[in-house]
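The values are calculated or read from the model by the stated rules, or taken from the named source; none is laboratory data. This is a predicted model, so every value here is computed, not measured. Reconstructed Cβ throughout: ideal geometry from the backbone, glycine too, with neighbour counts over all protein chains shown.
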């Protein structure tokens, strides 16, 4: 791809940042990943399975674009009907219609019905309230075969049997734009969607405008797809497809799996499966508490151990039983992950002759443990979780990479600091847990915090939905995993 000097400067700065984060793997993984090469992966060795787990930010809330909404705010709209079927040689602006109908309700969920009976062309005005780069998606299903012109510029075309072609349009707030929509089939209606795609902090803006992560788009500007990495989510984020955008909480979101998967796909010759078990608003001290965890007391209050259904109590306050139990989400994660792995050939028939091995674990979580009691126990619970997960999936030495929580960056305060410190404390190079040396690594994410002013949302507990943050976290996790794999390989050799 051809990048401007400004974009090159940004990329160089990003590359230097990545080198600083994990310098020991710089020779293994380039600072800027190349585009996927579509080479067939090796089929003579087991598929590498990485199990990712955590709460809502592992689910993935990074916005791909600003989101699309049903269009509205039109004026003076009329549909004209011309005889016959659509012809590329007919100038409908110079033709005489056989029928016309005003459209007082256009857009929304119940637009005024069209008359039908020929080629239908809508003309009028679109009133746009925001400035920015907008993408237009007229029609729905059969009615999406149409051509849309805004202010004399073709912004959308979808011919029968072909994919849509978009020409994004720069708008000025408060301006009225002339509008024409020509339907190519008998299916025609006033349905349509539009959305701003240059919102700061969305993946579209980060990649297309800021020039970062160029491996995510091909030369035509479409999102790349890795054909050597398969993503499957359980519990939530349940996409099931080759790795690309839209494996987060929905089709317009990403999580750390995107960049993590690109790195692992680049690193391995074998196929890679990203298997993600995650759920929002879950704490390690209650929902994801591993089996065998004991009750504990903090400031005179006793807190639940595994399988307790009363979250906490005191001698004078017996607490209240809830329709849940400590560790239920841990059990859900394990059960749903086993359901996939135990039926591997059913879920992944393309790999049934290769089999699989658990190549590593990734953990990103901590927001809901931001209370004094759970934060005080977080380190102990995390150690127990790592050991339990490894034992559960019979991978006692599989590398584990943990991302710290990074809310508010280095201005983080209160119990979340305790959680981040606990996450750092279990990292193998700290030496506090000898059994984790060389196989557990914590990567710091507080450097990746982006202020709400340069993000899609003011939603701190979801990192303001900033896609660059999610990409950088995934990058650090991927490079951390490669560091552990490389160290283990070197030790074996």
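Structural remarks
- Scope segment 215-233; condition under 19 Å from residue 350 (Cβ atoms) and either surrounded by fewer than 21 Cβ atoms within 10 Å (Cβ to Cβ) or over 14 Å from the mean Cα position of the chain (by Cα) (or both); matching residues: 225, 226, 227, 228, 229, 230, 232
- Restricted to segment 41-54, and to residues there that are outside any strand (DSSP E or B) and in contact with a strand residue (DSSP E or B) (Cβ under 8 Å, 6 or more places away or on another chain), the residue that is surrounded by the fewest Cβ atoms within 10 Å (Cβ to Cβ) is 46.
- Of all the residues in segment 387-403, those that are surrounded by fewer than 19 Cβ atoms within 10 Å (Cβ to Cβ), in contact with a helix residue (DSSP H, G or I) (Cβ under 6 Å, 6 or more places away or on another chain) and closer than 10 Å to residue 436 by Cα number 0.
- Unmet criterion (only one of (1) touching a residue at least 60 places away in the same chain (Cβ under 8 Å); (2) in a helix (DSSP H, G or I)) for residue 143: (1)
- Complete set of residues in segment 301-322 that are farther than 22 Å from residue 419 by Cβ and touching a residue at least 12 places away in the same chain (Cβ under 8 Å): 307, 309, 310, 313, 314, 321, 322
- Residue within segment 269-283 that is out of contact with any helix residue (DSSP H, G or I) (no Cβ under 9 Å at 6 or more places or on another chain), surrounded by fewer than 24 Cβ atoms within 10 Å (Cβ to Cβ) and in contact (Cβ under 8 Å) with a residue 40 or more places away in the chain present: yes
- Listed by first and then second residue, the pairs linking a residue in segment 325-348 that is under 18 Å from residue 284 (Cβ atoms) to a residue that is at pLDDT 95 or above and part of a helix (DSSP H, G or I), with Cβ atoms under 6 Å apart and 6 or more places separating them unless they lie on different chains, are 334/392.
- Assessment of segment 224-238 against the conditions (without any contact (Cβ under 8 Å) to a residue 24 or more places away in the chain and on the phi > 0 side of the Ramachandran plot) yields no matching residue.
- Selection status of residue 156, crowded, with 20+ Cβ neighbours inside 10 Å and in a loop (DSSP other than H, G, I, E, B): no
- Scanning segment 285-295 for residues that are buried (at least 17 other Cβ atoms within 10 Å of the Cβ), over 30 Å from residue 348 (Cα atoms) and in contact with a strand residue (DSSP E or B) (Cβ under 9 Å, 6 or more places away or on another chain) yields 285, 286.
- Residue satisfying condition, being in a helix (DSSP H, G or I) and at pLDDT 95 or above, within set 112, 205, 182: 205
- Any chance residue 129 is farther than 17 Å from residue 190 by Cβ and either outside any helix (DSSP H, G or I) or modelled with pLDDT under 95 (or both): yes
- The selection criterion, being over 29 Å from the mean Cα position of the chain (by Cα) and closer than 23 Å to residue 140 by Cβ, holds for residue 81.
- Residues satisfying the stated conditions in segment 159-179, i.e. in contact (Cβ under 8 Å) with a residue 40 or more places away in the chain and outside any loop (DSSP other than H, G, I, E, B): 171, 176, 177, 178, 179
- Considering residues of segment 68-86 that are modelled with pLDDT of 95 or more and part of a loop (DSSP other than H, G, I, E, B) only, the residue surrounded by the most Cβ atoms within 10 Å (Cβ to Cβ): 86
- Residues considered: 57, 65. Of these, the only one that is surrounded by 14 or more Cβ atoms within 10 Å (Cβ to Cβ) and modelled with pLDDT of 95 or more is 57.
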